[in-house]
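Peer 1: I'd like to ask some things about the structure below.
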Amino acid sequence: MAKKKDENTEAKILEAAKQVFQAKGMAGARMQEIADKAGINKAMLHYYFRSKQLLFEAVFSNAFSLLAPQLNAVLNDDSTIEEKIKNFTANYISFIVDHPYIPNFIIQELNRNPDFILKLKDNPSFPNIEKFKKQVDEEIENGSLKPISAEQLFINIMALNVFPFVAKPLIMALTNTDDEDYKQLMEDRKSEVANFIINSIKTT
C-alpha cells in the first residue's frame, strides 16, 4: 500500500511540474508552486526530487520517452520509405494532438541545455535512422526515389510535422482559425505532409 502511495505522489509531482514548466519554463518555475499544485509541502517535494534541475530532467525524460519509441518503431520496421513517411506523419500528428505540450517542451530544454540530449541517446528507444538511411540509398539506386540525402529527407519530415505545433499561435493567427479549425488543419496534414514529401522524391 505504501508503494502505491509513493507512486501516486510521484506521479502527481511530475504532472504538476509538467504544467508549471510548460507554462513558465525552467527559469520561471518555482518549487513551491509545483509543491502547491501537487498538493504536498515543499519538504516532501525535495524528498522526491532534490533539485529543480533533477525534477525538470525527470519531466523532460518522461515527455521524450512517450514519443521516441513510436518514432523509432516506424523508422525501423520493414515498410517502404513511402509507407514510413505516411506512418511517421500520421503517428506523430496523432500523438502530439493528444500531448500538445511535448514539442515546445523538448525544444525549450534542447535550447536551454543542448548536452542533455546526450543522456537521452543512451536510451534504447532513442530514434535510430540508420535503417532509414540505408533504405533511402537503396530506393535511389533502384530508381524509385530521386537523389536526396537521407539526412535532409529526415529533416524535411521532422520540420513539416513539428513546426505547426511549435508555432500554433502564429499558425492560428495567420490562417485566422479557431481551435476546432486548427485541429482539422492538423488532421488534414496527416495526408497533406506525407503526399507533399512523397511527390517531391518519387521518380514516377
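The values are calculated or read from the model by the stated rules, or taken from the named source; none is laboratory data. All values derive from a computational prediction rather than experimental measurement. Ideal geometry is used to build each Cβ from the backbone, glycine not excepted, and the neighbour counts take in all protein chains shown.
Peer 1: Between a first residue in the range 114-128 that is assigned to a helix (DSSP H, G or I) and a second residue that is at pLDDT 80 or above, which pairs have beta carbons less than 6 Å apart while being 6 or more apart in sequence or on different chains?
Peer 2: The qualifying pairs are Leu120/Phe126.
Peer 1: Hey, another quick one. Find all pairs meeting these conditions: Cβ atoms under 6 angstrom apart; at least six residues apart or on different chains; first residue within the range 57-82 and in contact (Cβ under 8 Å) with a residue 40 or more places away in the chain; second residue basic (Lys, Arg).
Peer 2: These pairs meet every condition: Val59/Lys18; Asn76/Lys131.
Peer 1: Let me ask something additional. Out of all the residues in the range 34-47, which are of a type outside the set (Gly, Ala, Ser), over 24 Å from the mean Cα position of the chain (by Cα) and crowded, with 17+ Cβ neighbours inside 10 Å?
Peer 2: Here is the first cut: in the range 34-47, the ones of a type outside the set (Gly, Ala, Ser) are 34, 36-37, 40-42, 44-47.
Narrowing further to those that are over 24 Å from the mean Cα position of the chain (by Cα): 36-37, 40-42, 44-47.
Hits for the range 34-47 are Ile40, Leu45.
Peer 1: Oh, and also: Would you point out which residue out of Ala23, Ala11, Ala29, Ala73 is out of contact with any strand residue (DSSP E or B) (no Cβ under 7 Å at 6 or more places or on another chain) and surrounded by 15 or more Cβ atoms within 10 Å (Cβ to Cβ)?
Peer 2: Values: Ala23 fails: surrounded by 15 or more Cβ atoms within 10 Å (Cβ to Cβ); Ala11 fails: surrounded by 15 or more Cβ atoms within 10 Å (Cβ to Cβ); Ala73 fails: surrounded by 15 or more Cβ atoms within 10 Å (Cβ to Cβ).
Checking each option against the conditions leaves just Ala29.
Peer 1: Kindly establish whether Pro147 is at pLDDT below 95 and assigned by TED's automatic domain parsing to the domain that holds Phe95.
Peer 2: Spelling it out, it is not the case that Pro147 is at pLDDT below 95 and assigned by TED's automatic domain parsing to the domain that holds Phe95.
Peer 1: Return the residue satisfying two criteria in turn: it lies in the range 48-70 and is charged (D, E, K, R) and over 20 Å from the mean Cα position of the chain (by Cα), and of such residues it is surrounded by the fewest Cβ atoms within 10 Å (Cβ to Cβ). Can you show your working first?
Peer 2: Initially, the range 48-70 is screened for residues charged (D, E, K, R), giving 50, 52, 57.
From the residues that got through so far, the ones that are over 20 Å from the mean Cα position of the chain (by Cα) too are 50, 52.
Numbers: Arg50: 10, Lys52: 18.
Checked the range 48-70; the qualifying residue surrounded by the fewest Cβ atoms within 10 Å (Cβ to Cβ) is Arg50.
Peer 1: State the number of residues belonging to the range 181-192 that are within 17 Å of the chain's Cα centre (by Cα) and aliphatic (A, V, I, L, M).
Peer 2: The qualifying residues number 1.
Peer 1: Next question, about the same structure. Could you count how many residues in the range 120-136 are among the charged types (D, E, K, R) and surrounded by 13 or more Cβ atoms within 10 Å (Cβ to Cβ)?
Peer 2: Residues in the range 120-136 being among the charged types (D, E, K, R) and surrounded by 13 or more Cβ atoms within 10 Å (Cβ to Cβ): 2 in total.
Peer 1: Does Asp137 satisfy the criteria of being more than 24 Å from Ile197 (Cβ to Cβ), of a type in the set (Asp, Glu) and in the same structural domain as Glu82 (by TED's automatic domain parsing)? Break it down into steps so the answer makes sense when it comes.
Peer 2: Working: more than 24 Å from Ile197 (Cβ to Cβ): no; of a type in the set (Asp, Glu): yes; in the same structural domain as Glu82 (by TED's automatic domain parsing): yes.
It is false that Asp137 is more than 24 Å from Ile197 (Cβ to Cβ), of a type in the set (Asp, Glu) and in the same structural domain as Glu82 (by TED's automatic domain parsing).
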